[in-house]
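Step one of this worksheet: look at the structure below.
The values are calculated or read from the model by the stated rules, or taken from the named source; none is laboratory data. Everything numeric in this text was worked out from a predicted model, so none of it was measured. We place every Cβ from the backbone using ideal geometry, glycine too, and count neighbours over all the protein chains shown. These area figures cover heavy atoms from the full protein model, side chains too; ligands, DNA and RNA do not enter into them. Shrake-Rupley method; radii C 1.70, N 1.55, O 1.52, S 1.80 Å.
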Amino acid sequence: MAQGFGAQTFSALARVDPAHSWIRDRKGGLELELALSQGVPYRIFTLDDPRRVVLDFREADWSGVQGDGLLRSDLAGEATMGLVRPGWSRLVLSLNAPLALQRAALKIDPDSGSAVLTARFIRVSASDFAARAGAPYDAAWALPPAVQKAAPPRDDGVLRVLLDPGHGGIDPGAMRDGIRESTLMLTFARELREALVRAGVEVWMTREDDSFVSLEGRVERAHELGADVLISLHADALAGGGARGTTVHTLSKTATDEASRKLAERHERGDILAGVDLSHSDDVVADVLMDLARMETQPRSEKLADAVVNGLRSAGLPLNSRPRRAAGYSVLKAADIPSILIEVGFLSSDRDRANLLDPVFRAHLSGAVRDAVLAWHLADKAEAPLRRQ
Ligand SMILES: [Zn+2]
């Protein structure tokens, strides 16, 4: 049952050999050696706030490699690795000190074709580090540019929903018993899409496979497509406390409770561990949140969240004891698009995990969410003339 969720789709060519790879402190600096089954294009850069080293590879397969296994270092704190998008892999090292790349080389064995990537980082001052940090612009590596222009509003009565399966690629989200939140949410999003499409809703997804998409990228996608609604799907794990059942979240400057604050924080951390350059985003979230108070979107999001809670309740599906919550989720910050985040259950709960792995349960859940979204849409349309004045 769980096998399908652990399955990965890689189009990788080079395999990383963990037995002959390491990252360790040496002669006052940090040294890295990665054994690859063949040479691949790579690039290395650093990011600030927090300090990280990012190594990007074309077509490298990190499956079976554990960050903890590679790392023997006090200068580096944590290593995460995985797909950034199909065919593009990334290794992100969190740094405990300001370090700069001194040299890097890829040596390819002429006989076997296997390759060894070596890199050495040396200590620099904090200001030096800050000056050098940032993802270099290189057309060959650039992600597709974000479309700045929002789609023109359409008035054909068709509801357009952007489903956002949480996490993905280098950021697997919660993991329990070999189940990755990112994979499980992709499965559920596909099923929910199917249920919505059958009801005449136009549906898009922020990701169609196991690739990484930044939180900002997800919101941009909603604008670019002209989505009417964004629904982010998660199944996180909470240590202790025995949290279980579905919770539905909306955006708020202050979190309704400690668990929601931690969940929101963990989602931001996913972007940091995945090597997203946050240095240019400034503190726009705070401004947007201020604006939201004056906008009509927030009450619409609240009503959508209420509709989902009520819909699940009347369908007899397991809700959390406090099912409506709010926190500062970046993925919900689109100022003009009603947005909610559904924690469909907690992977840390045995009961929720068993439910979410059961296709029959998921069918009930997607049906109930679909019905709630449709009911909300009808009520929302009826109120539209009042909003436009
Ligand atoms: Zn999550």
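The table that follows gives values for the structure above.
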item: Gyration tensor verdict on segment 160-388 (Cα atoms; rounded if a/c is under 1.5, prolate if a/b is larger than b/c, oblate otherwise); result: rounded
item: Centre separation in Å (Cα based) which lies between segment 162-178 and segment 19-91; result: 21 Å
item: Highest-first arrangement of 120-132, 36-48, 74-86, where packing means the average Cβ count within 10 Å; result: 74-86, 36-48, 120-132
item: Given charges at beta-carbon only (K, R positive; D, E negative), |dipole| of segment 160-388 in Debye; result: 800 debye
item: Stretchable slack from GLN38 to ASP109, in nm (0.36 nm times residue separation minus alpha-carbon distance); result: 24.7 nm
item: For segment 9-132, projected area of the alpha-carbon convex hull averaged over all directions, nm²; result: 7.5 nm²
item: Accessible area of the chain divided out per residue, in Å², using a probe of 1.4 angstrom; result: 46 Å²
item: DSSP bridge orientation in the chain - percent antiparallel, rounded to nearest 5; result: 70 percent
item: Estimated distance in nm for a label pair at ARG324 and THR187, the labels positioned 7 Å out from Cα along Cα-to-Cβ; result: 3.2 nm
item: Projected area, mean over directions - the chain, Cα convex hull, nm²; result: 20.7 nm²
item: Positive-end extreme of charge dipole, segment 188-235 - chosen from GLY200, LEU230, PHE212 (charges on Cβ); result: GLY200
item: Sum of -39500 (n - 2.57) over DSSP H runs of 4+, divided by residues of the chain (222 nm, nearest 500); result: -10000 deg cm²/dmol
item: Rounded to 10°, Cα long-axis angle of helix 359-388 versus longest principal axis of the chain; result: 60 degrees
item: Burial ranking of peptide ranges 192-199, 53-60 (average Cβ count within 10 Å, highest at the top); result: 53-60, 192-199
item: Packing-based order for 166-172, 61-67, using average beta carbon neighbours within 10 Å, highest first; result: 166-172, 61-67
item: GLU78 versus TYR137: modelled label distance in nm, points set 7 Å from Cα along the beta carbon direction; result: 3.1 nm
item: Accessible carbon and sulfur surface of segment 9-132 relative to its total accessible area, %, 1.4 Å; result: 47 percent
item: Folded to 0 to 90 degrees: helix 258-273 orientation relative to the chain principal axis, Cα; result: 40 degrees
item: Gain in span if fully extended, GLU208 to SER125, counting 0.36 nm per residue against the direct Cα distance; result: 25.7 nm
item: Degrees separating the helix 215-225 axis from the principal Cα axis of the chain, which is the longest one; result: 50 degrees
item: Additional length obtainable on full extension of the chain from ASN310 to ARG58, 0.36 nm per residue less Cα span; result: 86.1 nm
item: At R0 = 25 Å, FRET efficiency that the Cβ-Cβ distance of ARG26 and GLU265 yields, to 0.05; result: 0.15
item: Lys/Arg +1, Asp/Glu -1 at C-beta; the chain dipole; positive extreme among LEU278, HIS20, MET185; result: MET185
